[in-house]
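K.L.:
Sharing a structure, written as structure tokens. Questions coming.
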Amino acid sequence: MKYKTFRSFAIGLAVCLTAATLSPAQAALQVDITQSSDSAIPIAISPFGSANGRLPVDVAQVASDDLSSTGRFRIFPRQNMLSQPSSPEAVNYDNWRTQHIDNLVVGSASSNGQGGYQLTFNLLDVPQGQSTASYQINAGPNELRDAGHTVANLIYQRFIGEKGYFLSRIAYITVTGNSADNRKFRLVVSDYDGSHPSTVYSSQDPVMSPAWSPNGRKLAYVAFNVYKGVSSVRVQDLASGNVRTISSGSGVNGAPAWSPDGSKIAFTKSKDGDSDIFVYNLNSGQVRQLTHSNAIDTEPTWSPNGGTIAFTSDRGGRPQIYQMNSQGGQVQRLTYDGQSNQRADFSPNGDSIVMVQKSGNGFRIAVMDLSNNNVRIVSNGPLDDSPAFAPNGQVILYAKQGGNNALATVSVDGDVKSTLSQAGEVREPAWGPLGY
């Protein structure tokens, strides 16, 4: 439906809310690196030691998996290590030099006196034979996995110069079942890599367009009641499960997007036959219409400073990305390349947007530099959709449609690619905030 035409997609929003029911957790997504960077950083992470024996969570393995998943680090296999030191004093640098290791991480855990752990680890420069950085992390008794993610975040920032995203979460939609009788739509939240998935809403009717609140505590999404012909934009608190409906009825109610301060939600609503952009104030409950064109205006996204909103419109004949100020004025067209462009998302620093571009090679993910309007295609197509920047702006999450539907990631330069897949369809991804 989504790829027939822009207009058929927008009208399709109107056709399809049942009471929220909590469903069992879904199977974790399987992560496969399909293309790594030619300049991947070689690094070895030795298993962390502990005075009390083996840790209940392999912190070093968690960190290794995190860094490996980016495609920007080449992890030295643990089974090839000549030794597994847990402190700088225990390192035989000559052994590591013979294995051509430039960067080595060693660490250990001890009791923090509060029932948890204190982790200490060092980043070692093997050719120079010295420590270049030392870190300490406090973790509760059930927080060792998060500690592993924190280790990876610190290493990532040290080498890449940007914050790591390994404590962030993603949301996505899964679809299972082959007929109307057993078809099930689930809104799932998981760790950034698809692990620890949990279903927060499920229905036999379609669920679409999850969007994270800036603090990561709530999700906005679109739910449908096909029998009644009603669509609804809802906000769900992830901790309590409480749901607030901000727009509902026949016609289009869709494409929610949070303002950077979390006080407003922009969304699409059909009125008098046309779809326009509206803003709902979560504090006052007031709704304000921003666009008043005869075209389809949809898919709003806020700039990081909240001053502007980009959106998709066919007011020029084909779907393209436009921008207006957050009050609805000063509308200008942003995109001209390709046959059409839609589903924009601002980078966290506001310097670029990612979008879906239609060209002779189908629908592919494109990144546009807003300073010079240069556009770079970063995915292969032919049916790529729903791009979302990682909270550090270095990676893009999107959906690969057609054949085996799956999620995928690609670095902003297009050099690193991976897929996240499971049985059934996976679609409509959204990336939450950093998580720390």
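The values are calculated or read from the model by the stated rules, or taken from the named source; none is laboratory data. These numbers were taken from a predicted model, which means no experiment stands behind them. All Cβ positions, even for glycine, are placed from backbone atoms using ideal geometry, and neighbour counts span all protein chains on display.
K.L.:
Can you tell me which residue is modelled with the lowest pLDDT among those in the stretch 92-105 that are closer than 15 Å to Arg78 by Cα and of a type in the set (Val, Ile, Thr)?
P.N.:
Per the stated criteria, the residue is Ile101.
K.L.:
Any idea which residue in the stretch 315-334 is surrounded by the most Cβ atoms within 10 Å (Cβ to Cβ), counting only those that are in a loop (DSSP other than H, G, I, E, B) and within 27 Å of the chain's Cα centre (by Cα)?
P.N.:
The extreme case among them is Pro319.
K.L.:
Within the stretch 338-351, identify whether any single residue is out of contact with any Pro (no Cβ under 8 Å at 6 or more places or on another chain) and of a type in the set (Lys, Arg), and answer yes or no.
P.N.:
Within the stretch 338-351 (the criterion being out of contact with any Pro (no Cβ under 8 Å at 6 or more places or on another chain) and of a type in the set (Lys, Arg)), the answer is no, since none of the residues qualifies.
K.L.:
Which count do you get for residues in the stretch 28-72 that are polar (S, T, N, Q), part of a strand (DSSP E or B) and surrounded by 19 or more Cβ atoms within 10 Å (Cβ to Cβ)?
P.N.:
0
K.L.:
While we're here: Find the residue count for the stretch 192-221, including only residues that are at pLDDT 95 or above, within 13 Å of Pro429 (Cβ to Cβ) and of a type in the set (D, E, K, R).
P.N.:
0
K.L.:
For residues in the stretch 154-171 being more than 22 Å from Ser198 (Cβ to Cβ), of a type outside the set (Asp, Glu) and within 18 Å of the chain's Cα centre (by Cα), which is surrounded by the fewest Cβ atoms within 10 Å (Cβ to Cβ)?
P.N.:
Ranking the qualifying residues of the stretch 154-171, first place goes to Lys163.
K.L.:
Hey, another quick one. Among the residues of the stretch 83-104, is any crowded, with 20+ Cβ neighbours inside 10 Å, among the β-branched types (Val, Ile, Thr) and under 28 Å from the mean Cα position of the chain (by Cα)?
P.N.:
The answer is no, given that none of the residues of the stretch 83-104 is crowded, with 20+ Cβ neighbours inside 10 Å, among the β-branched types (Val, Ile, Thr) and under 28 Å from the mean Cα position of the chain (by Cα).
K.L.:
Against the condition in contact with a strand residue (DSSP E or B) (Cβ under 6 Å, 6 or more places away or on another chain), within 24 Å of Val287 (Cα to Cα) and among the hydrophobic types (A, V, I, L, M, F, W, C), how does Ile353 come out, does it pass?
P.N.:
no
K.L.:
Out of (1) buried (at least 20 other Cβ atoms within 10 Å of the Cβ); (2) under 20 Å from the mean Cα position of the chain (by Cα), what's the single condition that is false for Asn253?
P.N.:
Condition not satisfied by Asn253: (2).
K.L.:
Let me confirm something: among Asp297, Asp384, Asp314, Asp351, which residue is within 20 Å of Pro210 (Cβ to Cβ) and among the acidic types (Asp, Glu)?
P.N.:
Asp384
K.L.:
Report whether or not Asp351 is over 21 Å from Thr70 (Cα atoms) and in the same structural domain as Thr312 (by TED's automatic domain parsing).
P.N.:
Answer is yes for this residue.
K.L.:
Give me the residue from the stretch 364-406 that is of a type in the set (A, V, I, L, M) and outside any strand (DSSP E or B) and, out of that set, farthest from Ser418 (Cα to Cα).
P.N.:
Leu370
K.L.:
For Val233, all conditions in the list (1) among the aliphatic types (A, V, I, L, M); (2) surrounded by fewer than 18 Cβ atoms within 10 Å (Cβ to Cβ); (3) in a strand (DSSP E or B) hold save one; what is the number of the exception?
P.N.:
Condition not satisfied by Val233: (2).
K.L.:
Can you tell which of Arg364, Arg343, Arg376 is surrounded by fewer than 23 Cβ atoms within 10 Å (Cβ to Cβ), basic (Lys, Arg) and within 18 Å of the chain's Cα centre (by Cα)?
P.N.:
Arg364
K.L.:
Next up: Looking at the stretch 399-415, I want the residues that are at positive phi and have a partner that is of a type outside the set (Lys, Arg) and assigned to a loop (DSSP other than H, G, I, E, B) with Cβ atoms under 8 Å, at least 6 apart or on another chain. Which pairs are those?
P.N.:
Pairs that qualify, where the first residue is at positive phi and the partner is of a type outside the set (Lys, Arg) and assigned to a loop (DSSP other than H, G, I, E, B), are Gly402/Pro382; Gly414/Val378; Gly414/Ser379.
K.L.:
Of (1) assigned to a loop (DSSP other than H, G, I, E, B); (2) of a type in the set (A, V, I, L, M); (3) under 27 Å from the mean Cα position of the chain (by Cα), Ile309 satisfies all except one. Which?
P.N.:
Just one mismatch for Ile309, condition (1).
K.L.:
Between residues in the stretch 237-249 that are surrounded by 12 or more Cβ atoms within 10 Å (Cβ to Cβ) and residues that are modelled with pLDDT under 95 and in a loop (DSSP other than H, G, I, E, B), which pairs lie under 9 Å by C-beta distance while being six or more apart or on different chains?
P.N.:
Partner pairs satisfying both residue conditions: Val243/Ala20; Thr245/Leu17; Ser248/Leu17.
K.L.:
I need the full set of residues from the stretch 339-385 which are of a type in the set (Gly, Ala, Ser) and closer than 17 Å to Gly414 by Cβ, in order please.
P.N.:
Within the stretch 339-385, Ser347, Ser352, Ser359, Gly362, Ala366, Ser379, Gly381 meet the criteria.
K.L.:
Could you check the stretch 359-379 and list, in sequence order, the residues that are under 12 Å from Tyr398 (Cα atoms) and among the hydroxyl-bearing types (Ser, Thr, Tyr)?
P.N.:
Across the stretch 359-379, the qualifying residue is only Ser379.
K.L.:
Sticking with this one: Run down Ser340, Ser347, Ser313 and say which single residue is modelled with pLDDT of 95 or more and in contact with an Asp or Glu (Cβ under 7 Å, 6 or more places away or on another chain).
P.N.:
Only one candidate qualifies: Ser313.
K.L.:
Would you confirm, using the coordinates I've provided, whether Ile265 is touching an Asp or Glu at 6+ places or on another chain (Cβ under 7 Å) and either of a type outside the set (Asp, Glu) or surrounded by 13 or more Cβ atoms within 10 Å (Cβ to Cβ) (or both)?
P.N.:
no
K.L.:
Determine whether Asp193 is crowded, with 16+ Cβ neighbours inside 10 Å, not in a strand (DSSP E or B) and not assigned by TED's automatic domain parsing to the domain that holds Ser64.
P.N.:
yes
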